[in-house]
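K.L.:
Structure below; questions to follow.
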């Protein structure tokens, strides 16, 4: 368990799956405001279903941490080994991270990043990456300020149901 300022960051339990799905949906709806079509929004909603988060929490793939302020969940992070083919087992990945938009700029993202970094270091990782939608410029700035660098030639199109989302990978050393 780690904390930043007055935030508690703790491993998520099965009872948190619905809350995490709701946090994910709220964050994705903000991304939708950045230019996603209605069809892309619906595909993202399907990806944030409660059952997906329940399975992630139950099987620890990825590990999921919840950030709370006075017991109220405000954000989450999911992290584990990299899913990218050909990466060494010492490379971790932030699979998902979201903070409620009305709480941006309060240090929650930093608290979640700190928890993910600590967890990945405990697992023996020395590098971490994240795939971000190109449209999510705010998250891109956050991770660049946290020391992540864009990897050249990593742009990819991710199918989400019948729609496609453009993503780019950022990475940094953990130590």
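Any read-out appearing in this document is the output of simple, stated calculations on the displayed coordinates, not a laboratory observation. Computed from a predicted structure; not experimentally measured. Please note: Cβ atoms are built from the backbone with ideal geometry, for glycine as well, and neighbour counts cover all protein chains shown.
K.L.:
Report the label-to-label distance for residue 52 and residue 22 in nanometres (one decimal), using points 7 Å from each Cα along the Cα→Cβ vector.
P.N.:
In this crude label model, residue 52 to residue 22 measures out at 1.9 nm.
K.L.:
Sorted by packing (mean other beta-carbon atoms within 10 Å per residue), highest first, where do 123-130, 80-87 land? List each step's numbers first, then the result.
P.N.:
Values: 123-130: 18.5, 80-87: 14.4.
Top to bottom by mean Cβ count within 10 Å: 123-130, 80-87.
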